[in-house]
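Accompanying notes for the structure given below.
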Amino acid sequence: MIFSSGSLIKARNREWVVLESPEPGFLIARPLGGTDSEIAGFDTTLETIEEASFSLPDPSLLGDYESCRRLRDAIRLGFRSSAGPFRSFGHIAVQPRSYQLVPLLMALRQDPVRLLIADDVGIGKTIESLMIVKELLDRQEIKRFSVLCPPHLAEQWKNELFQKFHIEAELVLSSTASSLDRHCGNRSVFDVFPFTIVSMDYIKSESRRHDFIQACPELIIVDEAHTCTIQGQSSRGGGRQQRHYLLQQLAQDPARHVLLVTATPHSGNSDGFRSLIHLLNSRFQDFPEELSGEQNRKHREELARHFVMRLRGDIRRNFPSDSTFPERLESDIDYKLTQTSDYQKLFERVLKYARERVQDAQGLNQVRQRVCFWAALGMLRSLASSPAAAEATFRSKLKSITASRPEEVDEFNRGNILDEDIEEISESFDIAPGAETTDEPDSDSSVNSGSERRRLLDFAHAAAQLKGDKDPKLLKTVAHVKQLLAEGKAYRPIIFCRFIATAEYLAAELRKRLPKETEVIAVTGSTPPSERELKIKELETASKYVLVCTDCLSEGINLQHLFDAVVHYDLSWNPTRHEQRAGRVDRFGQPRETVKISTIYCTDNKIDGFVLKVLLNKHKNIRKTLGISLPAPSNTNSILESIFQGV
């Protein structure tokens with residue numbers, strides 16, 4: 001007798017369900033009510049295999065309450081396991097929301113699957129991507145997969161896979177490389193372990209990239225995919241370029257499934273966005289610069305088959321029954337700088353000096369001109385952040401730059417000053433920039449003279465005197481935090497700063513100015529990734545607490561169970577960074593019905609005023625590239641240049 005896949009058989013005194021079998025005369029089956037670990041093989045020529053049969057129910061045997069309840073539960077679980085066209089839903093420990101099925105339905109229409117999942121922060125992109133993986137595994141369309149992610153998110157991916165999808169994956173990190181090599185011997189780790197979570201920064205290097213390309217599984221998930229874009233004519237060899245080159249090589253395999261996951265596919269730079277979608281389909285490279293207008297409808301429709309992006313408002317409008325997100329209460333906290341205040345006086349002195357420095361540099365070569373420009377801009381940004389960051393900047397030398405073209409200087413500094421291209425969000429990006437630009441302080445040039453060094457030290461001393469009661473931004477923030485902690489149901493805030501010096505200074509001042517029972521901790525890029533979650537977990541025992549941090553916690557870390565308010569102490573110059581920060585608390589699973597998001601800024605401060613313009617223009621550029629008609633944005637660099645022209 002021939003038994004097809006799905007047939008019920010009786011053998012070895014129990015019932016089994018037949019699975020897909022490799023050859024005639026041999027059956028693979030799983031026992032009814034058993035697990036995958038009990039799957040067995042049967043040689044039909046050696047064993048007696050019968051078709052399973054079950055007696056019809058006897059209506060006279062009603063049974064007791066407990067047996068009826070078990071029958072009801074079995075029927076409910078049975079229907080859940082069949083779950084329509086999806087084979088995997090009976091084997092996952094999460095109840096997906098209806099909007100989370102959209103990427104899965106899009107994926108099942110593709111071969112290979114090439115998707116950019118760019119839903120809003122906190123909507124559930126991890127669940128959406130892993131549902132696709134689990135479905136393809138259960139359909140036996142793939143047998144292996146890898147998750148490429150930043151190293152500090154690897155453990156979180158491992159937990160999500162195991163707890164919600166019953167998949168045990170191996171971590172491939174710099175810290176696990178030695179033990180994996182010993183275990184695998186001469187074989188590739190990707191051949192030995194079918195499911196892996198790989199640090200992108202570990203695997204991108206020249207020595208490891210080729211092995212991964214050769215042994216790469218049939219499917220890859222790329223988390224925080226925006227860190228793998230290239231923007232314009234980037235220099236060769238940078239970390240971002242290495243990541244993009246690796247993905248480019250992997251995407252060239254026409255059979256490989258690629259899932260790109262990011263909440264920020266477009267940060268205002270069209271070149272970066274194009275380099276991302278090009279990984280999905282090479283035809284996208286020939287798309288026009290702008291996708292707005294009726295003439296580009298076909299292009300937008302083609303892109304839409306590979307690109308899913310829903311904001312919180314889209315979910316509430318189209319899936320009202322799934323709108324379990326908290327209500328966001330936003331507020332702007334504007335502080336003032338009076339003309340007679342010491343902070344305003346120092347700001348005017350530094351602004352005057354910055355303009356002089358840029359103007360004096362006009363006589364130098366173009367490379368030195370750009371170095372002076374970025375040093376002056378970094379100096380002003382640090383002063384707008386805090387007296388502590390300003391003091392650190394005035395006392396530090398600008399990081400050494402080896403460049404032959406002014407464009408290389410711009411590329412080197414753009415990420416850390418403008419927040420446009422932060423590659424290592426968890427490392428040293430939050431260190432305050434330096435102000436001194438030369439190794440020859442006694443040069444005849446006014447830019448390089450020893451008097452410039454003395455002037456910077458004078459600024460550092462003046463900034464140090466502004467700490468505490470002379471810092472209006474600090475005082476305004478302390479009052480706001482006290483209000484958050486004292487409300488009827490006290491909020492638990494996270495305060496995001498741009499620089500380590502600012503975060504440590506603010507945390508120290510809050511400890512002195514808040515009630516003693518309030519626990520205040522600081523987490524920055526100087527805190528090892530392995531210790532960050534442990535420090536945060538310590539707050540669980542406190543009745544009231546405040547977390548002060550830099551953007552090392554703005555991506556990929558779920559904090560909604562401990563916090564329900566975000567304070568932007570420093571304006572980010574990247575419009576997506578604010579949403580990433582807010583997404584740590586405003587996300588699926590937040591137990592509170594409302595979250596508070598506050599922004600501290602000073603329009604009297606020319607830097608904050610110009611940053612607001614930058615954010616507005618970048619936002620326009622994002623919408624324009626994605627096909628929404630808006631007036632052409634102003635040039636961001638021209639706005640920044642105008643700071644030094646007295647506009």
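The values are calculated or read from the model by the stated rules, or taken from the named source; none is laboratory data. Being a predicted model, the structure only gives us computed values, none of them experimental. All Cβ positions, even for glycine, are placed from backbone atoms using ideal geometry, and neighbour counts span all protein chains on display. In case anyone asks, the SASA skips ligands and DNA or RNA and just uses the protein heavy atoms, side chains included. Shrake-Rupley method; radii C 1.70, N 1.55, O 1.52, S 1.80 Å.
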Counting just the residues of segment 516-535 that are among the aliphatic types (A, V, I, L, M) and either assigned to a loop (DSSP other than H, G, I, E, B) or buried (at least 16 other Cβ atoms within 10 Å of the Cβ) (or both), which one comes out nearest to the chain's Cα centre (by Cα)?
-> Val523
Would you mind stating whether Arg513 is among the charged types (D, E, K, R), under 30 Å from His266 (Cβ atoms) and open to solvent by 20 Å² or more (accessible area, probe 1.4 Å)?
-> no
Considering each residue of segment 15-26, count those that are exposed (fewer than 12 other Cβ atoms within 10 Å of the Cβ) and among the hydrophobic types (A, V, I, L, M, F, W, C), and give that number.
-> 0
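Look through segment 94-115, keep the residues that are of a type in the set (A, V, I, L, M) and part of a loop (DSSP other than H, G, I, E, B), and return whichever of them is least open to solvent (accessible area, probe 1.4 Å).
Among residues in segment 94-115 that are of a type in the set (A, V, I, L, M) and part of a loop (DSSP other than H, G, I, E, B), the one least open to solvent (accessible area, probe 1.4 Å) is Val113.
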From the residues in segment 229-255 that are open to solvent by 30 Å² or more (accessible area, probe 1.4 Å), within 21 Å of the chain's Cα centre (by Cα) and farther than 17 Å from Arg208 by Cα, which one is modelled with the highest pLDDT?
-> Ile230
For segment 243-259, name all the residues that are free of Cβ contacts under 8 Å to residues at least 12 places away in the same chain and in a strand (DSSP E or B).
-> none
Only residues that are open to solvent by less than 80 Å² (accessible area, probe 1.4 Å) and either free of Cβ contacts under 8 Å to residues at least 12 places away in the same chain or not in a loop (DSSP other than H, G, I, E, B) (or both): list them for segment 339-354, please.
-> Asp342, Tyr343, Gln344, Leu346, Phe347, Glu348, Val350, Leu351, Tyr353, Ala354
Would you call Val147 under 15 Å from Asp223 (Cα atoms) and modelled with pLDDT of 90 or more?
-> yes
Tell me, which residue of segment 182-207 that is within 25 Å of the chain's Cα centre (by Cα) and polar (S, T, N, Q) is modelled with the highest pLDDT?
-> Thr196
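Quick check: anything in segment 27-45 open to solvent by 100 Å² or more (accessible area, probe 1.4 Å) and part of a helix (DSSP H, G or I)?
Checked against the condition, which is being open to solvent by 100 Å² or more (accessible area, probe 1.4 Å) and part of a helix (DSSP H, G or I), segment 27-45 yields at least one hit.
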Residue within segment 586-593 that is open to solvent by 10 Å² or more (accessible area, probe 1.4 Å), modelled with pLDDT under 85 and among the basic types (Lys, Arg) present | yes
Among the residues of segment 355-383, write down those that are part of a helix (DSSP H, G or I), open to solvent by 10 Å² or more (accessible area, probe 1.4 Å) and in contact with a Cys (Cβ under 9 Å, 6 or more places away or on another chain).
-> Arg357, Val358, Asp360
Pairs returned, first residue in segment 520-538 that is under 15 Å from Glu555 (Cα atoms), second residue that is in a strand (DSSP E or B) and open to solvent by less than 70 Å² (accessible area, probe 1.4 Å), beta-carbon separation under 6 angstrom, 6 or more apart or interchain, are Val523/Cys549; Arg532/Val523
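Filter segment 173-221 down to the residues that are outside any helix (DSSP H, G or I) and small (Gly, Ala, Ser), then identify the one that is surrounded by the most Cβ atoms within 10 Å (Cβ to Cβ).
In this case the residue turns out to be Ser199.
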Any residue in segment 467-489 that is farther than 21 Å from Asp332 by Cα, touching a helix residue (DSSP H, G or I) at 6+ places or on another chain (Cβ under 8 Å) and either assigned to a strand (DSSP E or B) or open to solvent by less than 40 Å² (accessible area, probe 1.4 Å) (or both)?
-> yes
Do you know which residues across segment 288-338 are in contact (Cβ under 8 Å) with a residue 24 or more places away in the chain and closer than 30 Å to Pro472 by Cβ?
-> Arg328, Leu329, Glu330, Ser331, Asp332, Ile333, Asp334, Tyr335, Lys336, Leu337
Among the residues of segment 565-583, count how many are in a loop (DSSP other than H, G, I, E, B) and within 12 Å of the chain's Cα centre (by Cα).
-> 1
Specify the residue that is farthest from Gly124 (Cα to Cα); the eligible residues are those in segment 300-326 that are over 22 Å from the mean Cα position of the chain (by Cα), open to solvent by 60 Å² or more (accessible area, probe 1.4 Å) and at pLDDT below 85.
-> Arg300
When Glu538 is run through (1) outside any loop (DSSP other than H, G, I, E, B); (2) open to solvent by less than 20 Å² (accessible area, probe 1.4 Å); (3) not small (Gly, Ala, Ser), the failure sits at (2)
State which residue is most open to solvent (accessible area, probe 1.4 Å) when the search covers only segment 495-510 and only residues that are touching a helix residue (DSSP H, G or I) at 6+ places or on another chain (Cβ under 8 Å) and either without any contact (Cβ under 8 Å) to a residue 12 or more places away in the chain or within 19 Å of Gln483 (Cα to Cα) (or both).
-> Glu509
Could you please find all residues in segment 290-307 being farther than 12 Å from Leu116 by Cβ and touching a helix residue (DSSP H, G or I) at 6+ places or on another chain (Cβ under 7 Å)?
-> Glu290, Leu291, Ser292
Starting from residues that are aliphatic (A, V, I, L, M), part of a loop (DSSP other than H, G, I, E, B) and at pLDDT 85 or above, keep the ones in segment 260-286 and report whichever is nearest to Arg310 (Cα to Cα).
-> Leu280
Filtered residue count, segment 490-502, keeping only those that are closer than 26 Å to Tyr353 by Cβ and either in contact with a His (Cβ under 7 Å, 6 or more places away or on another chain) or outside any loop (DSSP other than H, G, I, E, B) (or both) = 3
